[in-house]
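In what follows, a structure is listed as structure tokens, so that the remarks can point back to it.
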Amino acid sequence: MKGGTNVNRPNIVFVHTDQQHHLAVSAYGNTDVSTPNIDRLVNDGIAFRRSYSANPVCCPARASWYTGRMSVEHGVIGNRLNIDPDMPDLGQWLTEHTDYECVYSGKWHVTGRDVEQSFRVLYGRHPYGELQDSGATRSASQYIAHHASSGSDRPFFLSVGLLNPHDCCYVCGFNGPLGKYGMASELSDLPELPDNFDIDLLPPNQKHRVGHWTRTDWQYYVYQCYRMVETVDAQIG
């Protein structure tokens, strides 16, 4: 209740990574990636292993996170379509109906709505996770520390938008999955491809980019993606 006491109203921190596969977590038995900080959340909390995305595309999924509605309701059924201006998001709803302070750090990417309409922004976004994510987490950590030292009993909702491992998109060159991490010391160190991997199922509009890749190219691509998962896990820590 707005203006009420802070009894049983916890502070909420919503941390979201971008484009991370649900099995790219060592706590779930993946030995090709090390995620000790995500593992700690899994082991100390609750893992919703049978949850599903409302829409497995960037902007539609984010709009669903913040409205609790399906794409056909909020209007973002594709990345270039705007959210219904009359539909409140979580930041707007909490601000209007409670005394939660709603703050945001990092990537937003809900088309058609400025994040500053919904949250107090600590740190803006950048298109590369390696440049943005550390700033987003530092800002969030400093906010939490300041709130704790201030003695305020006002609860907060803090959303931290981390971009990696989304940067795996930028290694899809025309000559193979070239990247900055270097080849594993032995080809045998590269992760195995999933059992359902089938190059013939590649979408036609992507064949000009990666249609010539070998299985080793794809294994190296997964290897790089896992390294980016590890960088974002470090930021979560």
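The values are calculated or read from the model by the stated rules, or taken from the named source; none is laboratory data. Just so it is clear, the structure is predicted and the values come from calculations on it, not from any experiment. Every residue, glycine as well, gets a Cβ built from its backbone with ideal geometry; the counts of neighbours run over all protein chains shown. These accessible areas exclude ligands, DNA and RNA; they are computed on the full protein's heavy atoms, side chains included. Shrake-Rupley method; radii C 1.70, N 1.55, O 1.52, S 1.80 Å.
Which residue pairs have Cβ atoms under 6 Å apart, sit 6 or more places apart or on different chains, and have a first residue in the range 34-63 that is more than 17 Å from residue 164 (Cβ to Cβ) and modelled with pLDDT of 95 or more and a second that is open to solvent by less than 30 Å² (accessible area, probe 1.4 Å) and in a loop (DSSP other than H, G, I, E, B)?
Close Cβ pairs satisfying both conditions: 59/76; 59/111; 60/76; 63/76; 63/83; 63/110.
In the range 81-123, what residues are within 15 Å of the chain's Cα centre (by Cα) and in a loop (DSSP other than H, G, I, E, B)? Quick ask: steps written out before the conclusion?
Restricting attention to the range 81-123, the residues satisfying the condition of being within 15 Å of the chain's Cα centre (by Cα) are 104-110.
Within the range 81-123, 107, 108, 109, 110 meet the criteria.
Return the total of residues in the range 53-71 being open to solvent by 20 Å² or more (accessible area, probe 1.4 Å) and either of a type in the set (Ser, Thr, Tyr) or touching a Ser or Thr at 6+ places or on another chain (Cβ under 7 Å) (or both).
First, the residues of the range 53-71 that are open to solvent by 20 Å² or more (accessible area, probe 1.4 Å): 53-58, 65, 67-70.
In the following step, the residues that additionally are either of a type in the set (Ser, Thr, Tyr) or touching a Ser or Thr at 6+ places or on another chain (Cβ under 7 Å) (or both) were identified as 53-55, 67, 70.
Summing the residues that are open to solvent by 20 Å² or more (accessible area, probe 1.4 Å) and either of a type in the set (Ser, Thr, Tyr) or touching a Ser or Thr at 6+ places or on another chain (Cβ under 7 Å) (or both) in the range 53-71 gives 5.
Condition check ((1) farther than 23 Å from residue 104 by Cα; (2) of a type outside the set (Ser, Thr, Tyr); (3) open to solvent by 70 Å² or more (accessible area, probe 1.4 Å); (4) in contact with a Cys (Cβ under 8 Å, 6 or more places away or on another chain)) across all residues:
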| position | (1), (2), (3), (4) |
| --- | --- |
| 15 | no, yes, no, no |
| 20 | no, yes, no, no |
| 36 | yes, yes, yes, no |
| 51 | yes, no, yes, no |
| 73 | yes, yes, yes, no |
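Out of the residues in the range 145-160 that are surrounded by fewer than 15 Cβ atoms within 10 Å (Cβ to Cβ) and among the aliphatic types (A, V, I, L, M), state the one that is farthest from residue 16 (Cα to Cα). Please lay out each step first, then the result.
Initial filter on the range 145-160 (surrounded by fewer than 15 Cβ atoms within 10 Å (Cβ to Cβ)): 145-146, 148-154.
Now drop any that are not among the aliphatic types (A, V, I, L, M), which leaves 145, 148.
Values: 145: 20, 148: 23 Å.
Only one residue tops the list, namely 148.
Taking into account only those residues within the range 119-144 that are open to solvent by 60 Å² or more (accessible area, probe 1.4 Å) and of a type in the set (A, V, I, L, M, F, W, C), which is nearest to residue 15 (Cα to Cα)?
Quick first cut of the range 119-144, residues open to solvent by 60 Å² or more (accessible area, probe 1.4 Å) only: 120, 123, 125-126, 128, 130-131, 138, 141-142, 144.
Checking which are of a type in the set (A, V, I, L, M, F, W, C) leaves us with 131, 144.
Working: 131: 17, 144: 13 Å.
Here the residue is 144.
Could you tell me how many of the residues in the range 124-161 are of a type in the set (Gly, Ala, Ser), part of a helix (DSSP H, G or I) and without any contact (Cβ under 8 Å) to a residue 60 or more places away in the chain?
Taking the range 124-161 first, the residues of a type in the set (Gly, Ala, Ser) are 124, 129, 134-136, 139-141, 145, 148-152, 159, 161.
Still in the running and part of a helix (DSSP H, G or I): 129, 134-136, 139-141, 145, 148-150.
Pick out the ones that are also without any contact (Cβ under 8 Å) to a residue 60 or more places away in the chain and you get 135, 139, 141, 145, 148-150.
Of the residues in that region, 7 qualify.
Among the residues of the range 165-183, is any of a type in the set (Ser, Thr, Tyr) and modelled with pLDDT of 90 or more?
Narrowing the range 165-183 to residues of a type in the set (Ser, Thr, Tyr): 170, 181.
Restricting the remaining residues to those that are modelled with pLDDT of 90 or more gives none.
No, the range 165-183 has no match at all.
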